[in-house]
Structures are given as C-alpha cells and as structure tokens.
Amino acid sequence: MKQILLITDGCSNVGMSPVVAAAHAAAEGISVNVVGVLDYGDVGELGAVEIAEIAKAGNGLSRLVHMRELTRTVQMMTRKTVVQTIQLAVQKELKQVLGDGSIDALPPEKRGEVVRVMDELGESSSLQVALLIDASASMKPKLAAVEEAIRDLMLSLQARQGKSEISVFHFPGSRNGDDCKLDLGWTNQLDGARTIFPKLQMGGTTPTGPAIMHVIDFYRQGGYGRSSRDETDGMMSGYVV
C-alpha cells in the first residue's frame with residue numbers, strides 16, 4: 001500500500017494544481033493524506049479548502065491540527081488510510097462476486113469473518129509512506145513538531161507486523177527553483193530521519209502540485225531504481241473523504 005503524507009500550512013502558489021497532482025497519484029494507487037498545521041494564526045479559508053480538495057482528489061484524508069496534535073494525527077491518518085485501502089479492495093471483490101460492494105449486505109457470521117481478515121491485513125500488509133514536508137518560511141516555527149511527528153510515526157510503523165517503510169521529501173527543493181528534494185530514501189530505520197532537519201533551509205515559494213508529481217515519479221521509478229511493487233497497486237478508486 002502506498003501513501004503520500006503531505007504536511008503543510010498554506011496555499012500552493014507555483015506550478016500545477018495540487019488537486020490535479022493528487023488525482024494523478026490516486027490513479028496510480030497512491031493515496032494522498034494532508035495535514036494542515038496551525039499555530040496561533042490560521043491557514044486561511046483558501047488554504048483549508050485546498051487541503052480538503054487535495055485529499056479528496058487523492059483518495060485520502062485531511063485534517064487541520066495544532067502543532068501539539070500533529071504526532072497523534074499523523075499516526076491516526078496513516079492507520080486509517082490503510083484500513084480504508086483494504087476496505088475498498090474488499091468491497092470491490094464483493095461487488096464482483098455478489099453484485100453488492102457493501103460488507104453490511106453479508107450475513108452476520110460472514111461479515112464478522114471479513115472484518116477479522118481486514119484487521120489482519122491492516123497489520124500484515126506492506127506499507128510505504130512518502131512524507132512530503134512544506135519547507136516554506138512560514139513552516140520554520142513548526143519544524144520541531146514535524147520532526148517529532150515523523151519520529152513517532154516511524155516507531156508506530158516499526159511496531160506493525162507487515163513490512164513498513166518511510167521516505168521523506170521537502171519542498172521547495174532549493175532557492176534555485178527546484179520543486180522538491182528527496183531527503184531520505186525508503187527506510188525503516190530511525191537514524192536516517194534524525195539527519196534531515198538540521199540541513200533544511202526554510203523559505204521560497206510553495207510548489208505543492210509539482211512536489212506531489214515529484215513523489216509520484218519516485219514511486220514510478222521504484223524509489224529511483226529500486227523495485228517496490230506490492231499486491232495492492234492500483235486498487236484504490238473513488239473518493240473516501
């Protein structure tokens with residue numbers, strides 16, 4: 001199962017619409033979750049609308065949270081999207097077999113068995129989460145909260161039975177106009193994440209759409225040359241928000 005987890009605090013202002021980019025991700029079986037990080041101010045009405053629309057187009061979830069809630073929210077959204085991915089796949093199979101995609105349409109004993117299997121798949125299925133961090137100037141005061149959230153997310157993923165990997169990107173990639181930069185390739189180790197944040201230079205524009213496309217390309221290339229296919233590729237379809 002493949003996810004992009006976008007952490008941002010405002011509106012995109014350069015390049016392709018992030019909503020269109022998220023739709024491209026969903027078409028390739030990559031769900032896009034979006035966390036809008038608030039502080040004492042507000043991301044603004046336009047930012048909040050954009051965050052919701054990105055997640056909707058990307059078959060994912062969106063939340064607006066304060067920094068103190070970031071860690072819990074990131075873990076919750078990751079787990080919930082895994083469950084929804086499995087539910088969509090199961091409902092698709094049910095529709096093909098029974099002509100009805102609803103688990104509720106099954107007899108109680110069958111329904112309980114399906115739910116049990118879905119729970120097991122949620123823990124045992126392989127999972128890849130590509131974190132995409134808004135590194136514009138306004139995010140600088142929130143960087144410590146983002147770092148803590150990533151560390152705790154990695155601990156949570158390590159506790160799963162199935163194979164879990166994380167990669168980290170930030171955007172904009174540089175002051176020279178790069179849309180996005182890979183900070184950490186696929187890993188299940190905490191040590192790599194600790195080296196990212198001291199190096200980040202905050203500032204520049206907010207090319208959210210091009211950054212999402214950059215991560216999609218990373219997935220397409222199997223992590224820049226590494227094969228990373230799994231059994232749930234292409235299963236997600238339809239909005240879940």
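Cβ-Cβ contacts under 8 Å between residues 6 or more apart (or on different chains), taken from a first residue in region 35-46 that is under 13 Å from ARG68 (Cα atoms) and among the acidic types (Asp, Glu) to a second residue that is modelled with pLDDT of 70 or more and not in a loop (DSSP other than H, G, I, E, B), are listed as ASP39/HIS66; ASP39/MET67; ASP39/PRO141; ASP39/LYS142. Restricting attention to region 155-195, which residues are in contact with a helix residue (DSSP H, G or I) (Cβ under 7 Å, 6 or more places away or on another chain), over 30 Å from VAL14 (Cβ atoms) and either surrounded by 17 or more Cβ atoms within 10 Å (Cβ to Cβ) or modelled with pLDDT under 80 (or both)? Result: ARG160, SER164, LEU190. Out of VAL19, VAL14, one residue alone is at pLDDT 90 or above and either among the aromatic types (Phe, Trp, Tyr) or surrounded by fewer than 23 Cβ atoms within 10 Å (Cβ to Cβ) (or both). It is VAL19. The one condition from (1) modelled with pLDDT of 75 or more; (2) surrounded by 15 or more Cβ atoms within 10 Å (Cβ to Cβ); (3) part of a helix (DSSP H, G or I) that GLU113 does not meet is (2).
Does at least one position in region 79-89 carry a residue that is at pLDDT 80 or above and of a type outside the set (Gly, Ala, Ser)?
At the first step, the residues of region 79-89 found to be at pLDDT 80 or above are 80.
With of a type outside the set (Gly, Ala, Ser) added as a condition, the list becomes 80.
Yes; the residues of region 79-89 include at least one that is at pLDDT 80 or above and of a type outside the set (Gly, Ala, Ser).
Residues that are over 16 Å from the mean Cα position of the chain (by Cα) and modelled with pLDDT of 50 or more within region 221-241 comprise GLN221, GLY222, TYR224, listed in sequence order.
Which one is modelled with the lowest pLDDT, of the residues in region 40-70 that are in a helix (DSSP H, G or I) and buried (at least 20 other Cβ atoms within 10 Å of the Cβ)? Before you say what the answer is, go through the steps one by one.
Start the filter on region 40-70 by keeping residues that are in a helix (DSSP H, G or I), which leaves 44-57, 67-70.
If we keep only those that are buried (at least 20 other Cβ atoms within 10 Å of the Cβ) too, we end up with 50-51, 54-57, 70.
Details: GLU50: 90, ILE51: 91, ILE54: 95, ALA55: 93, LYS56: 94, ALA57: 96, LEU70: 83.
Only one residue fits best here, namely LEU70.
All told, LEU121 falls short of being among the hydrophobic types (A, V, I, L, M, F, W, C), over 24 Å from the mean Cα position of the chain (by Cα), on the phi < 0 side of the Ramachandran plot and at pLDDT below 75.
Are any residues in region 3-17 under 24 Å from GLU165 (Cα atoms) and in contact with a Ser or Thr (Cβ under 8 Å, 6 or more places away or on another chain), and if so, which ones? Outline the logic, then answer.
Applying the first criterion (under 24 Å from GLU165 (Cα atoms)) to region 3-17 yields 3-8.
GLN3, ILE4, LEU5, LEU6, THR8, listed by residue number.
Within region 158-181, residues that are within 30 Å of SER125 (Cα to Cα) and among the β-branched types (Val, Ile, Thr) sit with their Cβ atoms under 6 Å from residues that are at pLDDT below 80 and surrounded by fewer than 21 Cβ atoms within 10 Å (Cβ to Cβ), at 6+ positions apart or across chains, in these pairs: VAL168/ILE196. The set of residues in region 132-145 being crowded, with 22+ Cβ neighbours inside 10 Å and in contact with a Leu (Cβ under 7 Å, 6 or more places away or on another chain) consists of LEU132, ALA135. I'm trying to understand the selection: among the residues of region 197-210, which are in a loop (DSSP other than H, G, I, E, B) and either among the small types (Gly, Ala, Ser) or at pLDDT below 75 (or both)? Scanning region 197-210 gives LEU200, GLN201, MET202, GLY203, GLY204. Scanning region 147-184 for residues that are touching an Asp or Glu at 6+ places or on another chain (Cβ under 9 Å) and in a helix (DSSP H, G or I) yields a count of 1.
The values are calculated or read from the model by the stated rules, or taken from the named source; none is laboratory data. The model shown is predicted, which means the values in this text are computed figures rather than measured ones. Methodologically, a virtual Cβ is constructed for each residue, glycine included, from the backbone with ideal geometry; neighbour enumeration extends over all protein chains shown.
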